Amino acid sequence: MTYQPNSPEARDIAYHLHGYTNARRHDEVGPLVIDHGEGIHVVDIHGNRYIEAMAGLWSVALGFSEKRLVDAATKQLSKLPFYHSFTHKSHGTIIDLAEKLVTIAPVPMSKVFFTNSGSEANDTAMKLIWYRSNALGQPQKKKIISRLRGYHGVTIASASLTGLPNNHRSFDLPIAGVLHTGSPHYWKEHRPDESEEDFATRLASELDQLIQAEGPDTIAAFIGEPVMGAGGVVVPPRTYWQKVQAVLKKYDILLIADEVICGFGRTGKMFGSETYGIEPDMMTLSKQLSSSYLPISALMINDRVFQPIADESNKIGTLGHGFTAGGHPVPAAVALETIKIIEERGLVAHAAEVGARLQTGLRRLTDHPLVGEVRGVGLIAAIELVADAAKRSALDPVGKLGTLVNGILQKNGVISRNMGDALAFCPPLIITAAEVDDLLARIARSLDEARAEIG
Ligand code: PLP
């Protein structure tokens, strides 16, 4: 692509290194430069309007123009623009937020530790687990089990937990002590004649075997997203979480629920853990926590996790961990207001209701020749694109069809995201029934256009 010298696009290409982007091809593909947002829509610098059907990065729960969040941030900036949580310091906003999170947690939780990104929250979870094992006199109990296609972030530890090849390749990851067990994607992974329940039983039994092979007393924790997001929106098969939790209980292994995407209504309940009967010892939260207006994340821990950590910090004299901006008052004020709005407007029930409309509408596309599977729950969904539905085969190379349909959707005013050939949709929670119908119509039209294009 060629751009006017000094245009935003030309300057982006000249100066900006993007994450999750082919850096060599960025000039060829060109940046989509967004100017402003209105509700579920964003508008680019040329005036083109898009339904942001990914809510940014699975995150802008309240849409792109919620004035109350701007006011909450402004008010807090005027009153106390920064304070921290080190060395026994605190401030009212973070106390309110910690209390609120413990109150709404789906299982009894004890304390909240604040961080700035999902990656930092998961990194912190891993460090605190090691710290706890040392506190308990179990220095060998340090390994963490994650899942293939799970996504937990990009710092050295959390990228190691992530089970996606591109987060490891050429980064010399994963680090030692992180193990990956099977992905719970029934459609892709099940054996012939294996029911969903049987598939879940097999995955739990493979987990059990992995623990046995490694030595149960070396495994400290298991981490999983209630519904996998960036791995392609993988909804767990029936009975999966029950069976996995039974294995973890048997060996006294902690469970971390990564609620970074699922938290705050995404699956039609306040937390994904509620949707699937998950009883975590630790939970990581971010994204919809502040509707992504400002960066904030949190790690919640139960008393079983907290007590040994408190003892160890007492022994050492301090808990030698913490981020300058962890518990920052301004994103904390925005998070409190976000939760307040979600509660006041009944957006969790709304997500369940319009989510059902989205899921039903997408499932009507199952007969389309390019659609292999439609999956999802609440307001998170994916279409698995295939070149041949009967054979479940992708267009060669994998991801080509996903990129094609994603591009056509963008031309048709929809921002979605393809992970390979899985095309994800995760719109803001405020989406209305009429907007869901508009989105569905654009998706159907884009699939037809893609079909015509590949012949
Ligand atoms: N965990 C999950 C489930 C995520 O989806 C993400 C980001 O997409 C992360 C963790 C990492 O969060 P961040 O990008 O804020 O570091």
Over 26 Å (Cα to Cα) - which of Lys111/Lys142; Lys143/Lys315; Lys142/Lys250; Lys75/Lys127; Lys287/Lys340 fall in this group: Lys75/Lys127
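How much FRET efficiency would the formula 1/(1 + (r/R0)^6) give for Ala444 and Glu214, where r is the Cβ-Cβ distance and R0 is 30 Å, rounded to 0.05? Provide the component values of the computation, followed by the final result.
Details: r = 47 Å, r/R0 = 1.58.
Once the sixth-power term is evaluated, E becomes 0.05.
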Tabulate in residue order the Karplus-calculated ³J(HN,Hα) for the stretch 360-370, using 6.51 cos²θ - 1.76 cosθ + 1.60 with θ = phi - 60°, rounded to whole Hz; enter x for Gly and Pro. 5, x, 5, 5, 5, 8, 4, 7, 5, x, 8
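What does the extension gain come out to for Ser205 and Glu99, with contour length at 0.36 nm per residue minus their alpha carbon separation?
Details: separation 106, 0.36 × 106 = 38.16 nm, distance 3.82 nm.
Stretched out fully, the Ser205 to Glu99 stretch lengthens by 34.3 nm.
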Any residue on another chain or 5+ positions along whose placed amide H is under 5 Å from the amide H of Leu254 is listed here as Ala221, Phe222
If contacts are Cα pairs under 8 angstrom and at least 6 residues apart, what is the relative contact order of the stretch 112-230 in percent? 30 percent
Among Leu370, Phe171, Thr201, whose Cα lies farthest out toward the positive end of the dipole of the chain, if unit charges sit on the beta carbon of Lys, Arg (+1) and Asp, Glu (-1)? Phe171
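Rounded to whole Å and ordered largest first, report the semi-axes of the equivalent ellipsoid of the stretch 1-45 derived from its Cα gyration tensor (root of 5λ).
Details: eigenvalues 85, 37, 14 Å².
Values for the stretch 1-45, descending: 21, 14, 8 Å.
Multiplying the sequence separation of Lys67 and Ala433 by 0.36 nm and subtracting their Cα-Cα distance, what value in nm do you get? Don't jump to the answer; show the numbers that get you there.
Numbers: separation 366, 0.36 × 366 = 131.76 nm, distance 2.23 nm.
Full-extension gain reported as 129.5 nm.
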Can you pull the one-decimal nm distance between simple spin-label points at Arg451 and Ile156, each 7 Å off the Cα toward Cβ? 5.1 nm
Under 25 Å Cα to Cα from Lys188, which lysines show up? Leave out anything in the same chain fewer than 8 places away. Lys243, Lys391, Lys400
Counting only the backbone N, which residues of the stretch 211-234 are under 12 Å from the spot 7 Å out from the Cα of Val107 toward its beta-carbon? 222-224
When the Karplus curve 6.51 cos²θ - 1.76 cosθ + 1.60 is applied with θ = phi - 60°, which whole-Hz ³J(HN,Hα) does each residue of the stretch 219-232 get, with x for Gly and Pro? 9, 8, 7, 10, 10, x, 7, x, 10, 5, x, 5, x, x
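Dividing the alpha-carbon Rg of the stretch 1-150 by 2.2 N^0.38 Å yields what?
On the way: Rg = 21.5 Å, N = 150, 2.2 N^0.38 = 14.8 Å.
The reported ratio for this selection is 1.46.
Computed FRET efficiency, Cβ-Cβ of Lys250 and His18, R0 41 Å: what is it to the nearest 0.05?
According to the calculation, E is roughly 0.40.
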Any residue on another chain or 5+ positions along whose placed amide H is under 5 Å from the amide H of Ile40 is listed here as Phe64
Log10 I(q)/I(0) at q = 0.21 Å⁻¹ for the stretch 327-444, from Debye over equal alpha-carbon scatterers, is -1.10
What is the local net charge at Arg49, summed over the other residues whose Cβ is closer than 14 Å to its Cβ (Lys, Arg +1; Asp, Glu -1)? -4
For Phe82, Phe425, order by how many other beta-carbon atoms lie within 10 Å, fewest first: Phe82, Phe425
Label points 7 Å out from Cα along the Cβ direction at His36 and Lys411: separation in nm? 2.9 nm
Neighbour-count order for Arg202, Arg11, Arg132, fewest beta carbons within 10 angstrom listed first: Arg11, Arg202, Arg132
Per residue convex hull volume, Cα atoms of the chain, in Å³: 152 Å³
Kindly state, to the nearest 0.05, the FRET efficiency for Asn314 paired with Glu344, given R0 = 51 Å and r defined as their beta-carbon distance. 0.80
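Sum up the charges of everything whose Cβ sits under 14 Å from the Cβ of Leu148, counting Lys and Arg as +1 and Asp and Glu as -1, but leave Leu148 out.
Values: positive: Arg147, Arg149, Lys188; negative: Glu189, Glu206, Glu225.
Its environment carries a net charge of 0.
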Per-residue ³J(HN,Hα) for the stretch 2-9, Karplus 6.51 cos²θ - 1.76 cosθ + 1.60, θ = phi - 60°, Hz, x for Gly and Pro: 10, 10, 4, x, 6, 6, x, 4
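In debye, nearest 20, what is the charge dipole magnitude of the chain about its Cα centre with +1 on Lys and Arg Cβ and -1 on Asp and Glu Cβ, if you could check? Before the final figure, lay out the partial values.
Values: 45 positive and 51 negative charges, 109 e Å.
It works out to roughly 520 debye.
No value in this document is a laboratory result; all are computed from the given coordinates. Everything numeric in this text was worked out from a predicted model, so none of it was measured. With ideal geometry, Cβ positions are generated from the backbone for all residues, glycine too; neighbour counts draw on all protein chains shown.
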